[in-house]
Structure formats: structure tokens, C-alpha cells
Amino acid sequence: MSQQSPLPPPHTCKDIIPIEKDIQFDDCIFRSYQWNASKDNWKGRVLFIHGYRDHHSVYNQAAEYIAKDGFDFFFFYQRGEGESKLVNNSKGVSDDYYAYKAIDDMIDYNINEMKNLNLPTENLHLMGLSMGGGLILNYACHGKYKNLIKSYLAIAPLITLHKDSDPGLAIEYIVRTICCFNFGKNLRVNSPLNLEFITGDLEYQKFMKSVGDTSALKGAFVETRDFILRGRKLLDVKTYSTIVKETPLLICHGECDRITNIESSKKFISLINSIDGVKNKQIITYSEGRHQLLGDIPQVRELVISDIIVFLNKNK
């Protein structure tokens, strides 16, 4: 979302202020925000993969609470998103190659930083929401460093879109056809999100609207193609059968989510739990939860944050 005189976020960090830093890999300068836990209470680090056209300030409350409990919270804007940019100052565009490479690079970066700080490098957890949730579930299946991750946590993951947000097969095939031509991959297509579907909290709605009109979002054709197809692949035995078998994994999904399909999250958990040797895979659903569970109404987001912290502590 473009930033035009944004309102202050509903939750402003007071106790743990995020450290802002630019990190360059190849031709992309990634903007990152890190909420650090106290060294006296340090338990691990969460590497967070955000959703489509997301904003880091939406995660202030979750990040601060998680850091207060002893887990660093590391957020970075993906290629083509937020405040990240290419070295030539253009926004850039992501696809499967760049999305997974960025996760590889950020895992490597965080492990090296933890090593330099004399912190246990095996205590790195991977969390993602929506598009980011779909990415981390795929990473648990075929990621380069998938066995170095302590636990996986996907919030409202994009496996398939809810029928109320799905553009339909006709649009999908048009996008996929145009992506067959190099000139078409970076063209933009309307990718609107209904603000009412994202959150039921009026303060978060106002903030999100102030940083960008969710009904007027545009994504590159190749971005749109890849985040839809990579999510759908999670229900293909060729993908889900390669899941890390014993590494803990939790999906959190709102029952009122009309952007990503909760039934696909349930199906994914059922499929992976049918594999011999798979352990520690579960889903928690929230009866009042919409899509952005970490920026939803107070009774939802506080419960979700609590469940995340319990999960992290159980698997630290």
C-alpha cells in the first residue's frame, strides 16, 4: 500500500521500539524492522513474512508482546513491497524465485547475526501471514534451510482464496497466459482487497485506509500468478508430502475470513497429518476472526497473540 499521510497505528510501541535497518542482497535493498527481546530473557527469534501490500505498523502490538516474552521479532518488506526498493530506486517485482531467495537470504542473515551475538542459532522460528503464510508453508516443504527452522507458524495462509475474493478462472487464465510472455510479467493487474474482509476493528480499518486504498491495489501479473499457484500447490501430494515431519507447525485462521479459505487450511493440516511420521501439526480457528488476525478486534487479536506466544514457548 502506498503511504500518504498515514494515521498513527492503533498500537504504538512504547516499551520496545523497533530498530529500522536496510539490508542489501544482490540488486534489492530490503527495509527491515526488528523488535528485540531483553538478553536476560532471550528465548529465540521470529522471522516474519508479511502479506500482500502489508504494513509493518499493523504488527506493532504482536511484535512488542512477543518481544516482551523473550522472542526477537524480525520483519522485512519483500521485494516490490513497502519500503524495499532496487538499487536503481525502482520498486521491483517479486515472483517465486525472488520470494524464496529472500527467505533464504534472511534466514542466513538472522542466523549469522544470532551467532555474532552468541545466541543459539537453532532458535529461529518462521512465521507468515496470508501471502506470507502460504510462503512459509511451502518453505516447510521444500525450502533450502527448512530443517534449520525451530517451528513454523502460518496465520490465515493463502492456500486458496475465499470465493468472495477469488477473481475467477477466466481472470486467472488471462493472467497466466500474459505471464508466458516476458513483456507481460511486470504489467499490473487490479488486485483489490475488501477492507471489511481484512479486519472488523474500526481503528485498524482507518489506519489501513490511511496508508493505501485496499480496493485500488495493483499487482504485477507474475506476482499474482505465483502467489495463487504456490498456495494451491500446498494441496498437491508432490508438495505437502515433503513437509518437515517433526518440526512443530501451527496454523491460525479466522472463521469469518473472506479473503483466504479456512477450509483449505483445515484440509492442508489433515493431509500432512495423514503422512507417516508427521508430528506436531495443528490448526486453531477463531469464531469471530477475519483475515488480519493480528489487527482484528481486541478479543480476537489478543487471543491470537496469546496462542502464538504459548506455541513459541512450547517449542523454544
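The values are calculated or read from the model by the stated rules, or taken from the named source; none is laboratory data. Every value quoted in this text rests on a predicted model; they were computed, and no experiment measured them. Cβ sites come from the backbone with ideal geometry, for glycine too, and all protein chains shown count toward neighbours.
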Would you check if ALA67 is within 17 Å of the chain's Cα centre (by Cα), surrounded by 24 or more Cβ atoms within 10 Å (Cβ to Cβ) and either at pLDDT below 95 or closer than 23 Å to PRO120 by Cβ (or both)? no
For region 278-302: of the residues being over 16 Å from the mean Cα position of the chain (by Cα) and assigned to a loop (DSSP other than H, G, I, E, B), which is surrounded by the most Cβ atoms within 10 Å (Cβ to Cβ)? GLY289
Which listed residue is on the phi < 0 side of the Ramachandran plot and modelled with pLDDT under 85, from ASN182, ASN194: ASN182
Among the residues of region 78-115, which ones are of a type in the set (A, V, I, L, M) and under 13 Å from ASP26 (Cα atoms)? LEU86, VAL87, ALA102, MET106
Members of region 161-190 that are in a loop (DSSP other than H, G, I, E, B), of a type outside the set (Asp, Glu) and under 18 Å from ARG232 (Cα atoms): HIS162, LYS163, SER165, PRO167, GLY168, CYS179
Condition met for LYS101 (assigned to a loop (DSSP other than H, G, I, E, B), within 15 Å of LEU47 (Cα to Cα) and modelled with pLDDT of 95 or more): no
Restricting the first residue to region 11-33 and requiring it to be part of a loop (DSSP other than H, G, I, E, B), which pairs with a second residue that is surrounded by fewer than 12 Cβ atoms within 10 Å (Cβ to Cβ) meet a Cβ separation below 7 Å and a spacing of at least six or different chains? ASP27/VAL87
Answer residue from region 228-240, given it is of a type outside the set (A, V, I, L, M, F, W, C) and without any contact (Cβ under 8 Å) to a residue 40 or more places away in the chain and is surrounded by the fewest Cβ atoms within 10 Å (Cβ to Cβ) among those: LYS238
Out of (1) touching a strand residue (DSSP E or B) at 6+ places or on another chain (Cβ under 8 Å); (2) surrounded by fewer than 19 Cβ atoms within 10 Å (Cβ to Cβ), the odd one out for ASN147 is which? (1)
Residues located in region 220-265, provided they are of a type in the set (D, E, K, R) and closer than 21 Å to ASP276 by Cβ: ASP236, LYS238, LYS245, GLU246
Residue list for region 189-205, restricted to those being surrounded by 13 or more Cβ atoms within 10 Å (Cβ to Cβ) and over 15 Å from ASP226 (Cβ atoms): PRO192, LEU193, ASN194, LEU195, PHE197, ILE198, THR199, GLY200, ASP201, GLU203, TYR204, GLN205
Assess whether ASN118 counts as being part of a helix (DSSP H, G or I) and over 23 Å from CYS28 (Cα atoms). no
Between a first residue in region 289-316 that is farther than 14 Å from PRO248 by Cβ and of a type outside the set (A, V, I, L, M) and a second residue that is at pLDDT 95 or above and in a helix (DSSP H, G or I), which pairs have beta carbons less than 6 Å apart while being 6 or more apart in sequence or on different chains? GLY289/VAL300; HIS291/PHE197; HIS291/ILE198; GLN292/ILE198; GLY295/VAL58; GLY295/TYR204; ARG301/LEU294
Sort through THR177, THR121 and tell me the only one that's under 21 Å from LYS316 (Cβ atoms), surrounded by fewer than 20 Cβ atoms within 10 Å (Cβ to Cβ) and out of contact with any Leu (no Cβ under 6 Å at 6 or more places or on another chain). THR121
Please enumerate the residues belonging to region 249-265 that are over 13 Å from GLY289 (Cα atoms), within 18 Å of the chain's Cα centre (by Cα) and surrounded by fewer than 23 Cβ atoms within 10 Å (Cβ to Cβ). SER264
Residue in region 219-227 that is in contact with a helix residue (DSSP H, G or I) (Cβ under 9 Å, 6 or more places away or on another chain), surrounded by fewer than 17 Cβ atoms within 10 Å (Cβ to Cβ) and either aromatic (Phe, Trp, Tyr) or in contact (Cβ under 8 Å) with a residue 12 or more places away in the chain (or both) present: no
